[in-house]
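The values are calculated or read from the model by the stated rules, or taken from the named source; none is laboratory data. All values reported here derive from a predicted model rather than from experimental measurement. Quick reminder, even Gly has a Cβ in these numbers, built from the backbone with ideal geometry, and neighbours come from all protein chains shown. Accessible surface is based on the protein model in full, side chains and every heavy atom, while ligands, DNA and RNA are left aside. Shrake-Rupley method; radii C 1.70, N 1.55, O 1.52, S 1.80 Å.
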Amino acid sequence: MKKVFSNNVFNWILIIISVLNSIDNIYLLSKEFEDLNILFFRIVVFTISSLSFLSFFILKLNKEFYSRLFILANLILLSLLIYYSFIVDKLLYSVTRTDLVSNPAIHIKFFIGIILFYYSIKFSQESITKRQSDYGLMIILFGLFLIILNFTKVFDYTSGNFSLIDFIIKLFLSAGIIFIGNRLRLSKLKFKASIIITIILAVICGMI
């Protein structure tokens, strides 16, 4: 095993959680899907958890980046997306979808993700500048993910549901996220400003 973080116990915890998450994702991939964007989404989360696991054993992947991406994307962000959907349905459509938040596994994943993210910083062997550059790269990947997801949804729309204007706006918003991520990666934009702008663009994109 290659040492990614300074604490070996933390390394093994990440390996175990990555494996468990990968197994869960394999199960989801084996299930039928109705829309192409759902399949794409499942492939992405499986790839992220697999890279997190492999980063502890393959020298070229031996970076904190993959584990931190796994923590943020598969554990924290996925839970936040569910909370976001619940709140939007409640506020905008007056629909209380308790099924979204009734699964305790969602809350457990979220809190585990928060704890792991804290310790990923505490046991980090990289400088703050390097970590912020990695966050910039993650934002870029997030923007690319949104662009591809936007294109996959085109194949899922019926002729009466597709809106070219919404499609173009989402592309511009996703491109904006990529731009912000690149500025952060190159240390040309402050970290807090990058995160705030990214969240705003992502929320707007999700509401369209």
Two-site label geometry, N103 and I23: point separation in nm, points 7 Å out along Cα→Cβ: 1.7 nm
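Please say if region 98-147 is rounded, prolate or oblate, where rounded means a/c under 1.5 for a ≥ b ≥ c the square roots of the C-alpha gyration tensor eigenvalues, and otherwise the choice is prolate for a/b larger than b/c and oblate otherwise?
Values: a/c = 5.51, a/b = 1.41, b/c = 3.91.
Verdict is oblate for region 98-147.
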If a/c stays under 1.5 just call it rounded; otherwise compare a/b with b/c (prolate if a/b is bigger, oblate if not). Do that for region 82-208, with a ≥ b ≥ c from the square roots of the Cα gyration tensor eigenvalues. oblate
For each pair in K130/K153; K130/K190; K31/K109; K2/K122, compute the distance between the two Cα atoms and list the pairs where it is over 24 Å. K130/K153
Whole-Hz ³J(HN,Hα) from phi, Karplus 6.51 cos²θ - 1.76 cosθ + 1.60, for region 191-208, glycine and proline x: 4, 4, 4, 4, 5, 4, 5, 4, 4, 4, 5, 5, 5, 4, 4, x, 8, 7
Quick check: from the Cα gyration tensor, does region 17-93 come out rounded (a/c under 1.5), prolate or oblate? oblate
On the full set of protein chains, 1.4 Å probe, figure out the accessible area of M1 and give it in Å² to the nearest 10. 90 Å²
Arranged from highest to lowest average of other beta-carbon atoms within 10 Å per residue, in what order do the peptides 145-151, 29-35, 167-173 appear? 145-151, 167-173, 29-35
For the chain, what does the accessible surface come to per residue with a 1.4 Å probe? Please give it in Å². 58 Å²
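Hey, what number do you get for the chain at 222 nm if only DSSP H runs of n ≥ 4 count, each worth -39500 (n - 2.57), divided across all residues, to the nearest 500?
-25000 deg cm²/dmol
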Accessible area of the chain belonging to carbon and sulfur atoms, whole % at 1.4 Å probe: 70 percent
Ignoring everything but the protein chains, give the 1.4 Å probe accessible area of L184 in square angstrom, nearest 10. 0 Å²
